[in-house]
Amino acid sequence: MKEIRIKNFAIIGILIFSGLTFSCSDFLNIVPDNTATVDHAFKKRHQAENYLYGIYGFLPTFSGPAKNPAILAGEESWLFDDFKDFGTSSWEIAKGNQGTQSPLCNYWASESSRYSLNGGDPVFTAIRDCNIFLENINKTIDLSEYERELWIAEVKTLKAFFHFWLFNMYGPIPIIDKNIEISSSSEETMYYREPVDSVLNYMIELIDSASVYLPLNIMDVAQDMGRIT
């Protein structure tokens with residue numbers, strides 16, 4: 001009788017342990033409520049459109065003296081030393097204050113540098129978001145085929161422009177055709193600068209494939225002014 005009780009306790013113990021193991025496994029696999037994921041970003045039309053507008057938000061401030069080195073960095077214009085009303089990082093280049101540790105007008109920067117005092121924007125982050133959009137826009141269920149093709153064309157053109165901006169600033173650059181997987185090895189994350197012809201041809205291919213789906217003119221000025229044609 002004692003031996004039977006021991007066996008019963010052993011079986012019960014195994015069942016309890018197994019239940020706890022599976023419960024823990026299930027618990028750890030649960031995504032918390034209200035946690036944003038890429039799937040959520042492309043579930044519905046309005047969410048995907050918000051993501052598209054976010055990509056537009058990465059466009060450089062062409063008219064901003066701090067952000068565009070073509071305005072002040074070339075010394076055609078000069079400011080008084082006490083003129084600090086707007087960011088003057090491009091002017092600091094003209095004054096000889098460019099450096100390697102914290103570059104001015106830094107468009108090679110990471111997302112964490114986006115709101116630094118040195119100007120510039122994380123253009124590689126913009127390209128990453130373009131790739132995420134192109135990989136996931138087909139998941140949006142309430143989007144017409146016309147709009148889907150139009151938005152894809154817009155993002156391809158933006159992606160080409162972001163490559164062009166980096167190319168214009170730094171010369172030959174890596175081509176970021178697709179995003180790196182999180183599980184990639186360190187060797188797979190090492191991108192090399194491509195030859196000039198390869199970079200230009202890649203940008204042209206993106207624009208050529210997009211142009212057939214872009215409108216010639218903006219029809220709804222109140223809603224779509226500023227979007228690509």
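The values are calculated or read from the model by the stated rules, or taken from the named source; none is laboratory data. Not measured: the values here are computed from a predicted model. Ideal geometry is used to build each Cβ from the backbone, glycine not excepted, and the neighbour counts take in all protein chains shown. Ligands, DNA and RNA are excluded from the accessible area calculation, which covers all protein heavy atoms including side chains. Shrake-Rupley method; radii C 1.70, N 1.55, O 1.52, S 1.80 Å.
So that you can scan it fast, the table gives a plain yes or no per residue for (1) open to solvent by 30 Å² or more (accessible area, probe 1.4 Å); (2) not in a loop (DSSP other than H, G, I, E, B):
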residue: A153; (1), (2): no, yes
residue: T157; (1), (2): no, yes
residue: I182; (1), (2): yes, no
residue: I218; (1), (2): yes, no
residue: Q223; (1), (2): yes, yes
Practice prompt. Would you please name the residue that is farthest from W151 (Cα to Cα), looking only at residues in the stretch 183-229 that are under 23 Å from the mean Cα position of the chain (by Cα) and among the charged types (D, E, K, R)?
Written response: E187
Practice prompt. Kindly indicate the residue of the stretch 118-149 that is of a type in the set (G, A, S) and modelled with pLDDT under 90 and also surrounded by the most Cβ atoms within 10 Å (Cβ to Cβ) among those meeting that condition.
Written response: G119
Worksheet item: Does any residue of the stretch 162-178 turn out to be open to solvent by 70 Å² or more (accessible area, probe 1.4 Å) and touching a Leu at 6+ places or on another chain (Cβ under 7 Å)?
Response: no
Worksheet entry | Pair list, Cβ under 6 Å, 6 or more apart: the stretch 60-79 residue exposed (fewer than 12 other Cβ atoms within 10 Å of the Cβ), other residue not aliphatic (A, V, I, L, M) | F62/N68
Worksheet, complete the sentence: Pairs returned, first residue in the stretch 126-145 that is more than 16 Å from K156 (Cβ to Cβ), second residue that is surrounded by fewer than 16 Cβ atoms within 10 Å (Cβ to Cβ) and among the basic types (K, R), beta-carbon separation under 9 angstrom, 6 or more apart or interchain, are T140/K44; I141/K44; D142/K44; L143/K44
Practice prompt. Please work out which residue is farthest from I176 (Cα to Cα), limiting yourself to the stretch 198-216 and to residues that are among the aliphatic types (A, V, I, L, M) and outside any loop (DSSP other than H, G, I, E, B).
Written response: A210
Worksheet item: What pairs can you find where one residue is in the stretch 168-194 and touching a residue at least 24 places away in the same chain (Cβ under 8 Å), the other is outside any loop (DSSP other than H, G, I, E, B) and open to solvent by 70 Å² or more (accessible area, probe 1.4 Å), and their Cβ atoms are less than 8 Å apart, with a gap of 6+ or different chains?
Response: I176/R128; K178/E135; N179/R128; N179/E135
Worksheet item: Out of all the residues in the stretch 202-229, which are more than 18 Å from E49 (Cβ to Cβ) and of a type in the set (F, W, Y)?
Response: Y202
Worksheet item: Inside the stretch 1-117, counting only helices (runs of 4 or more DSSP H) that do not spill past its ends, which hold 2 or more residues that are at pLDDT 80 or above?
Response: 38-41, 45-56, 69-72, 89-94
